[in-house]
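The values are calculated or read from the model by the stated rules, or taken from the named source; none is laboratory data. Keep in mind that what you see is a predicted model, and the values were worked out from it rather than measured. Cβ atoms come from the backbone with ideal geometry, glycine included; neighbour counts cover every protein chain shown.
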């Protein structure tokens with residue numbers, strides 16, 4: 001990778017690279033846990049990171065996310081695509097042990113509700129405790145579901 005700000009920020013995503021086991025804890029499902037996996041890998045000679053996720057419940061879409069960094073805005077961007085045909089653009093930050101993702105403005109898809117995600121890494125960086133929240137007005141937030149990421153082979 002080169003020495004540009006964008007390249008330096010993308011290098012900070014290196015710890016994601018690999019396979020992760022997922023446990024989804026969703027209040028609307030009767031099962032105690034919903035399992036899945038996510039694979040993070042470099043794309044286009046380390047110019048993007050791609051995440052492919054599959055969950056073992058048919059109600060959860062499989063998805064592909066492409067991570068980028070916008071040096072002009074000073075923020076990471078997630079391009080989200082899923083098996084339902086939904087495409088969204090999220091903003092993302094990564095600071096110390098906290099991973100944040102949010103969507104609060106419309107993009108090339110309609111904004112029916114706002115979303116935000118908070119993920120906290122353990123000290124060794126191989127477990128992420130996270131949760132998604134939704135809001136209809138961007139002010140009042142409700143818990144949606146939790147996801148626990150556990151890195152395999154570390």
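Need the failing condition index for residue 46 against (1) in contact (Cβ under 8 Å) with a residue 40 or more places away in the chain; (2) part of a strand (DSSP E or B), just the number.
Among (1) in contact (Cβ under 8 Å) with a residue 40 or more places away in the chain; (2) part of a strand (DSSP E or B), the lone unmet condition for residue 46 is (2).
Being more than 17 Å from the chain's Cα centre (by Cα), closer than 18 Å to residue 41 by Cβ and surrounded by fewer than 17 Cβ atoms within 10 Å (Cβ to Cβ) narrows it down to one residue among 152, 111; which is it?
Result of the check over 152, 111: 152.
Given the conditions (1) under 12 Å from the mean Cα position of the chain (by Cα); (2) in contact (Cβ under 8 Å) with a residue 40 or more places away in the chain; (3) more than 16 Å from residue 66 (Cα to Cα), and given that residue 94 satisfies all but one, which numbered condition is not satisfied?
In the conditions (1) under 12 Å from the mean Cα position of the chain (by Cα); (2) in contact (Cβ under 8 Å) with a residue 40 or more places away in the chain; (3) more than 16 Å from residue 66 (Cα to Cα), residue 94 misses (3) alone.
Output the number of residues of region 6-22 satisfying the condition of being free of Cβ contacts under 8 Å to residues at least 40 places away in the same chain and at positive phi.
Residues in region 6-22 being free of Cβ contacts under 8 Å to residues at least 40 places away in the same chain and at positive phi: 0 in total.
Could you list all residues from region 71-99 that are loosely packed, with under 15 Cβ neighbours inside 10 Å and more than 21 Å from residue 118 (Cβ to Cβ)?
Hits for region 71-99 are 71, 72, 83, 84, 85, 86, 87.
Quick check on residue 107: is it closer than 25 Å to residue 9 by Cβ, outside any strand (DSSP E or B) and either at pLDDT 95 or above or touching a strand residue (DSSP E or B) at 6+ places or on another chain (Cβ under 6 Å) (or both)?
Here the answer is yes, as residue 107 does meet what is asked.
Does residue 130 fit the bill of being surrounded by fewer than 17 Cβ atoms within 10 Å (Cβ to Cβ), touching a residue at least 12 places away in the same chain (Cβ under 8 Å), within 13 Å of the chain's Cα centre (by Cα) and in a strand (DSSP E or B)?
no
Which one of these is within 19 Å of residue 18 (Cα to Cα), in a strand (DSSP E or B) and in contact (Cβ under 8 Å) with a residue 40 or more places away in the chain: 66, 147?
147
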